[in-house]
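The values are calculated or read from the model by the stated rules, or taken from the named source; none is laboratory data. Keep in mind the model is a prediction, meaning the values are calculated, not measured. Here the Cβ positions follow ideal geometry from the backbone for every residue, glycine too, while neighbour counts run over all protein chains shown. Each accessible area value is taken on the protein alone, full model and side chains, heavy atoms only, with ligands, DNA and RNA left out. Shrake-Rupley method; radii C 1.70, N 1.55, O 1.52, S 1.80 Å.
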Amino acid sequence: MRQLFDFLNQLFDPRKRPAQPQQFSLQQPPPPGGKPDVTVSTELPTADLTPTREVQMRAAAAERHIDQLLNPLQGDLTDDVEITVERLRAALHHRETSGLVIRKLVLPASPGRRVYAVFVDGLVDSQSVELAIIEPLMTQTRLQGSLRTGLELLRQVDETLMPGRQVEHVHSLGLVISGIVSGMCALLVETAPGILLVEVRKWPMRAVERPLNEGVLRGPQEGFTEVLKINTTLIRRRLMTPDLIFEPGKIGRRSRTDIAVVYLKGLVSPALLEEVRRRIAHVDTDLLLETGQLEQLIEDSPQGLFPTLQATERPDRTAAALAEGRVAILMEGSPLALIVPAVLTDFLRIPEDYYVKWPFGTFLRIVRTLGLVITLLLPALYIAIADYHHEMIPPALLTAIAASREQVPFPATLEVLMMEVAFEVIREGAIRVPSQLGQTIGIVGALILGQAAVEASIISPILIIIVATTALGSFTIPDYSLNLVIRVSRFVMIFLGATLGLYGVAIGLFAFSVHAVSLKSFGVPYLAPMGPPQPGNPDNMLRGPTFLLDKRPTLARPRDKQRQAEKVMGWRVPPSNNEEET
Amino acid sequence: MGKQIMDRTGAVCLLVTILVAKMFTPQPRMVAEQAGSAAWLVVLLTGPLSLLGYWGLSALLVRFPGLSIAQISLKALGRVAGAVVGILYAAYFIWMGGVMLREFVAGFRVAVLPSTPVSVLAMGILVIGLYAAVKGPEVQARLAAYLIPGMAVLLAITVVGVWRLLDWRQLTPVFGYSLRNTLLLSFPLTSKHSEILVLGVLAPLLPTASVRRLGLSALLAGYVGQVLFLLFLGSVFPFPAMSRLFYPMLELTRMIEVSEFIQRIEALFIFLWFFVAAFAMATLITTIASIIRDVTETTLFNPFALSASLLMFTIAFIPFNQVELMWLDWLTLRTWGWAFSFGLPILTLAVAVLRGKRGENGETPETRAG
Amino acid sequence: MPASSRALWMLLLFCAFLLAGCWDRKAVEDVGFVTVLGIDQGEGEALRITVQIGNPRVIAGGRQGGGGAEGQQAPAMVHTVTGETLSLALRDLETFTNRRISLVQTRVIILGRRLMESGIQKHLGMLVRSREFRRNIQIMVSDGSAEQVMTTRPTLERDPAVFLEDLSRRAFERTARAPRITLHDFLLAYETLGEEVIAPIIRPFTVAPGLEQRPEQQSQLSGTALFRRGTMVGELSETETETLLMLRGKTETFVETVPVPTDPGLKSAYRLTGAGRKIRLDVSGPQPRFTIEVTLEAEALETESESPALGDPALIRDREARLARNLTDKANQLVGKLQTECSCDALGLGHYLRPRFLDWTSWEKYQWPDRFANAKVQVTVRVIIRRVGMTFQSQKAR
């Protein structure tokens, strides 16, 4: 109850509302010449893709803050390796926690110099550590050079003894600590300035499997996993271009989760990229487990109903989005990539639409949109017409409805609500139960419940049809977030239809439309592709043939408008007559 | 100043909606009562007059580019007189909104939901209109641009559905009830398209160079739309029917019968009607709130929108019954509406020319010639 | 007002709306839909209203309605109530039916003949003004009383209203022996002075003499009721109705016979379909002259003698001419009857005359219904035989 009041309060009290984002628009100001910017730019300036001062400062401040959190014993590294190791022990709570391994070695090549390898067992590849770090250190007897200074020793170790992987030379204890807890092995060499961090991460992970919620019949069956590195590989395989940039970053004070902002340099709009970076840099929270949480923190209107960032499990969809000039955000631990900007039509599309021929792609899209409309409106329309507007049904249908309702003890609204709630309960229940049983429960629940209820004359058979059609319609919506929106809005429509008939449904529909139109996704209006139509890209509700899709969609204002040759099926053009003459 | 914030197609669609909205009220009956089957002819003839009035309005807007009508009044007439004129504009729109609201819901109540209190129906439209108004004119314009084609399709379905019943001979005699009635008495009853004054409020949001053109295309579209509407209604309902039917559009959709099963589809019409009403209310609330905001020279919008809708609601319930409503509409809006929407701007223009005021980069006949 | 109490007020308002709302809700199973309405003359000035309310359980059939004792239930219940006006009579109906009476699904209105003969003017009011009637309701005039017609129970159709509606559609479409008139047409004719009202006549089906009358009664839609200024003044037989509809240009199809050229005792039958009607008007002279040109397409259905062969090209024109002459004679007879016996313009000629007038007042002054009797109407019918059927013979059988 309290939460309800708080929610209503903040509707009225502007101070309590989350701050409105600055008016951000992807529209770039027209060039001073006055001509609109429609030509394809061949000179692509790259300088303006670097992060702005603001973003850099925020990132640095976040790093410092994290440093402070992680090492209360602030300070530089000392030359005394023992003291450093003690400090590490304290910072990493060696006494209280298990898993931390501090291995002391002695370099045979330079005797007397101790080397400590510090790592967390479980986050590193034990075999790698043994074979690639500890063994070379223990067995290597010859080190070139004078080895007088610690720096030279460190350099030698770095350059000659570590057979593989990425090795960093750091000077800050904070970085060492964060490196160790994220799976690196720290090498502290006596008398050497700085510490080496060797990347030997390996942790148990799920293999690349079919995407669980975004299956297609025709198309690749790979889905993202929870490991950032694998996900980047999956994307890299599809866009093997040096311009594919994965900007690394860490987010979350205590979780220090790796994230990557992915874009195609030269294609992406600098304004969009900057905005994405800016929003992520402002996120200051403890823990982020899933991209969904990140989405809620960087979206344009948290009070909006519709999702404005798209979460996808499919690498092919991500690659396609990147090729349209959009930006993807990957996060360690989440198999869903976020794609920005995302508009309504993106949630109604699946990649399969593009892999099949265009009439069928169009047909599938129409079916999906129809499913969405049915899910939203059918129960409300049924109640409105059966309770209020009897004159608006053909007589035969009215007789059928009246006949089936005569046996039933409940009024139409209650019936509909009961059945809809029952269906929602079944759906939620089926998700929790392990997979085999879950499907059976769904079918059993629906069929038997419905059938038995009809036999017992508790609900009318027409209602079963309506509720079942509604549920089936909601299954056609490809995106889970949008699915949720429509399912909840359906109940609002039912209430409106039950109180004011079609008038109420019209109110709900209009409010819905106004809300949808007023949303923006990173500056792009939410209903953008529906109008005005873009020439050269017949790809909206109805999908044009692939050979006509030669212009990139201008949603994200990419810098290169042509994505396909205008006459892409060039093999059809007959050879010119000149060749015959010569 | 003058840069495009609002979608141009959307602005035109919004204006056309509010111009044609009166076809969904009992207005056609009012004209047909006097003019008979020549209702369309009367509207056709009064169109050029509104063009004349529009010339004045657009000249004023062009002279002070990038400013809204209230700001222009303040600038051209001085602070006091300008404020008074601005308040008059706002009052006109509030009155119009209230009467229009009542007409919408009265028709709906009579025809579709006979027991629901009119206040509830009115509140429904107002709440939604307020919500859309608070979101801003850009959102309304965009939504109009998306929905208007759909609504046009619904209208086309209606036309196709009653195709069997269309008979151009119902439109005869050509001059309606009598020549005198048609040319003189029905004059005050037709719409002079006064709602085009809304352009005065949308002008700052549109590119300066295209304000005049957009307004003209909206006006022409609304004008042609009204004539076509009345032609369509007149071909189905002859004069005696048309002069009595309170809600001819609904009766028409009730008669759709293409085959045995495709009948009784007036549910579509309810959506069409509601959307037109909601758009009209949203546009009017936005207009009023913008005018008051400009007159008081603040940046507040939402409180004024709320107050405007409350005032509209109050005014909507001034007439006791259907009879008084029609009489009130005739007495006030039909007879004197044009004075506010065309008379005041032309007066302002005259004063501005005499005092030599104009906006930055404003066009005057002198600069244009030179 | 602090924010929390504002929230509370909003919540209360919302709940109040939900609780007090739904003003118009009528659960569909609580409503009795009057599907056929019959209006008769009662004692004195009163009306006898007969309503037919469908029983959805029986009509929809299926598991709910069929089997055993249920099967004997009537698909519709018929009640008669009296009252001074239509609305008063229906008010009485509400006192003994437990359902809310709703007229929104009324599809057919049957008007009693005696009532029509005393004039329809008084009773049109509710039909037009009520929100529950729509303008495409079928209007029929019953020969006798409407109550009698409404107690018939159709055998092929469960729902009597569907039976009547479909009957009017078929009778009109397939045979042209009764017109199809909706409330809109009725009002159009009544109010605009351009034509006179007509309506189909419905009567209990009586078999031809010599045949056995079956126990279950049926209704028959045949003939046209003629009105003059809202009062019924006469009727047309079925053949006359065929001709009338042909002249109105609204004919779909009907069957006509002509004698075989060589043997007048034998006949051939043709199916004629309306293909167009043109009306030419000549207003020079004291009375208007109308020339009605009707074009019909014919298809041979049967013939009692194959000689001369139907496919004989030399004789086709002759056959067409015979048909045309036949029809023209009938048309002239009909026009004469309309002009002399009842002086009612059932042909709709006034609509063609009205465009000649500049405004309504002069049209009203002209009083066309009174002048119809003196107008000159000339009818020419043209018949084009298109097909002669599945067998074809172009010469005399040897």
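At a glance:
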| read-out | value |
| --- | --- |
| Unmet criterion (only one of (1) out of contact with any helix residue (DSSP H, G or I) (no Cβ under 6 Å at 6 or more places or on another chain); (2) assigned to a helix (DSSP H, G or I)) for B:GLU260 | (2) |
| Residue within the stretch C:160-169 that is within 14 Å of chain B (Cβ to nearest Cβ), surrounded by fewer than 20 Cβ atoms within 10 Å (Cβ to Cβ), in contact with a helix residue (DSSP H, G or I) (Cβ under 7 Å, 6 or more places away or on another chain) and more than 19 Å from C:ALA225 (Cα to Cα) present | no |
| Number of the condition not met by C:LEU187 [criteria: (1) open to solvent by less than 10 Å² (accessible area, probe 1.4 Å); (2) not polar (S, T, N, Q); (3) not in a helix (DSSP H, G or I)] | (3) |
| Residue under evaluation B:GLY86, criteria (1) open to solvent by 10 Å² or more (accessible area, probe 1.4 Å); (2) in a helix (DSSP H, G or I), criterion not met | (1) |
| Filter pass, A:ASP316 being charged (D, E, K, R) and at pLDDT below 85 | no |
| Subset of the stretch A:403-431 that is acidic (Asp, Glu) and open to solvent by 30 Å² or more (accessible area, probe 1.4 Å) - its residue that is farthest from the other protein chains (Cβ to nearest Cβ) | A:GLU428 |
| Residues that are open to solvent by 10 Å² or more (accessible area, probe 1.4 Å), within 14 Å of B:LEU219 (Cβ to Cβ) and either within 14 Å of another protein chain (Cβ to nearest Cβ) or at pLDDT below 85 (or both), drawn from the stretch B:1-16 | B:VAL12, B:CYS13 |
| Residues satisfying the stated conditions in the stretch A:269-291, i.e. among the aliphatic types (A, V, I, L, M), in a helix (DSSP H, G or I) and open to solvent by 30 Å² or more (accessible area, probe 1.4 Å) | A:ALA271 |
| Every residue from the stretch C:271-293 that is hydroxyl-bearing (Ser, Thr, Tyr), modelled with pLDDT under 90 and in a strand (DSSP E or B) | C:THR273 |
| Residue within the stretch C:199-220 that is surrounded by 18 or more Cβ atoms within 10 Å (Cβ to Cβ) and free of Cβ contacts under 8 Å to residues at least 40 places away in the same chain present | yes |
| Positions within the stretch B:259-307 being more than 14 Å from chain A (Cβ to nearest Cβ), polar (S, T, N, Q) and either open to solvent by less than 40 Å² (accessible area, probe 1.4 Å) or within 17 Å of B:PHE104 (Cβ to Cβ) (or both), in sequence order | B:THR287, B:SER290 |
| Residue tally, condition in contact with a Leu (Cβ under 6 Å, 6 or more places away or on another chain) and closer than 22 Å to B:LEU130 by Cα, over the stretch B:43-95 | 2 |
| Scope the stretch C:359-383; condition over 16 Å from C:ARG289 (Cβ atoms) and either surrounded by 18 or more Cβ atoms within 10 Å (Cβ to Cβ) or at pLDDT below 85 (or both); matching residues | C:ASP359, C:TRP360, C:THR361, C:TRP363, C:VAL381, C:VAL383 |
| Any strands (runs of 3 or more DSSP E) falling wholly within the stretch C:94-142 and containing at least 1 residues that are buried (at least 20 other Cβ atoms within 10 Å of the Cβ) | C:108-112, C:138-142 |
| Residue list for the stretch A:407-439, filter: over 31 Å from the mean Cα position of the chain (by Cα) and at pLDDT below 85 | A:GLN407 |
| Selected residue (only one of B:GLN140, B:GLN170 is assigned to a helix (DSSP H, G or I), surrounded by 21 or more Cβ atoms within 10 Å (Cβ to Cβ) and within 14 Å of chain C (Cβ to nearest Cβ)) | B:GLN170 |
| Test for A:GLY504: is it of a type in the set (Gly, Ala, Ser) and within 11 Å of chain B (Cβ to nearest Cβ) | yes |
| Residues (open to solvent by less than 40 Å² (accessible area, probe 1.4 Å) and either part of a helix (DSSP H, G or I) or at pLDDT 90 or above (or both)) located in the stretch B:65-83 | B:ILE69, B:ALA70, B:ILE72, B:SER73, B:LEU74, B:ALA76, B:LEU77, B:GLY82, B:ALA83 |
| Conditions (1) open to solvent by less than 10 Å² (accessible area, probe 1.4 Å); (2) more than 30 Å from B:MET255 (Cβ to Cβ); (3) assigned to a helix (DSSP H, G or I); (4) of a type in the set (Val, Ile, Thr); number of the one not met by A:ILE459 | (3) |
| Cβ pairs under 9 Å, 6+ apart, first in the stretch C:234-251 and under 10 Å from C:LYS330 (Cβ atoms), second modelled with pLDDT of 90 or more and open to solvent by 30 Å² or more (accessible area, probe 1.4 Å) | C:THR239/C:LYS330; C:GLU240/C:LYS330; C:GLU240/C:GLN333; C:GLU240/C:LYS337; C:GLU242/C:LYS330; C:THR243/C:LYS330; C:THR243/C:GLN333; C:MET246/C:LYS330 |
| Filter pass, B:LEU310 being more than 14 Å from chain A (Cβ to nearest Cβ) and open to solvent by 40 Å² or more (accessible area, probe 1.4 Å) | yes |
| Enumeration of residues in the stretch B:173-204 that are facing another protein chain (nearest Cβ under 10 Å) and either open to solvent by 40 Å² or more (accessible area, probe 1.4 Å) or of a type in the set (Gly, Ala, Ser) (or both) | B:VAL174, B:PHE175, B:GLY176, B:TYR177, B:SER178, B:LEU179, B:ARG180 |
| Test for A:GLY266: is it over 14 Å from A:ALA319 (Cα atoms), buried (at least 20 other Cβ atoms within 10 Å of the Cβ) and among the small types (Gly, Ala, Ser) | no |
| Long-range neighbours under 8 Å by Cβ, at least six apart or interchain, first residue within 14 Å of chain C (Cβ to nearest Cβ) and of a type in the set (Gly, Ala, Ser) within the stretch B:23-37, second open to solvent by less than 10 Å² (accessible area, probe 1.4 Å) and not in a helix (DSSP H, G or I) | B:ALA35/B:GLY176; B:ALA35/B:SER186; B:GLY36/B:PRO173; B:GLY36/B:GLY176; B:SER37/B:THR172; B:SER37/B:PRO173; B:SER37/B:GLY176; B:SER37/B:PRO238 |
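This table checks each residue for (1) outside any loop (DSSP other than H, G, I, E, B); (2) surrounded by fewer than 18 Cβ atoms within 10 Å (Cβ to Cβ); (3) modelled with pLDDT under 70; (4) at positive phi.
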{"position": "A:VAL129", "(1), (2), (3), (4)": "yes, no, no, no"}
{"position": "A:ILE133", "(1), (2), (3), (4)": "yes, no, no, no"}
{"position": "A:LEU137", "(1), (2), (3), (4)": "yes, no, no, no"}
{"position": "A:GLY145", "(1), (2), (3), (4)": "no, yes, yes, yes"}
{"position": "A:ARG148", "(1), (2), (3), (4)": "no, yes, yes, no"}
{"position": "A:GLU152", "(1), (2), (3), (4)": "yes, yes, no, no"}
{"position": "A:GLN156", "(1), (2), (3), (4)": "yes, no, no, no"}
{"position": "A:GLU159", "(1), (2), (3), (4)": "yes, yes, no, no"}
{"position": "A:GLY164", "(1), (2), (3), (4)": "no, yes, yes, no"}
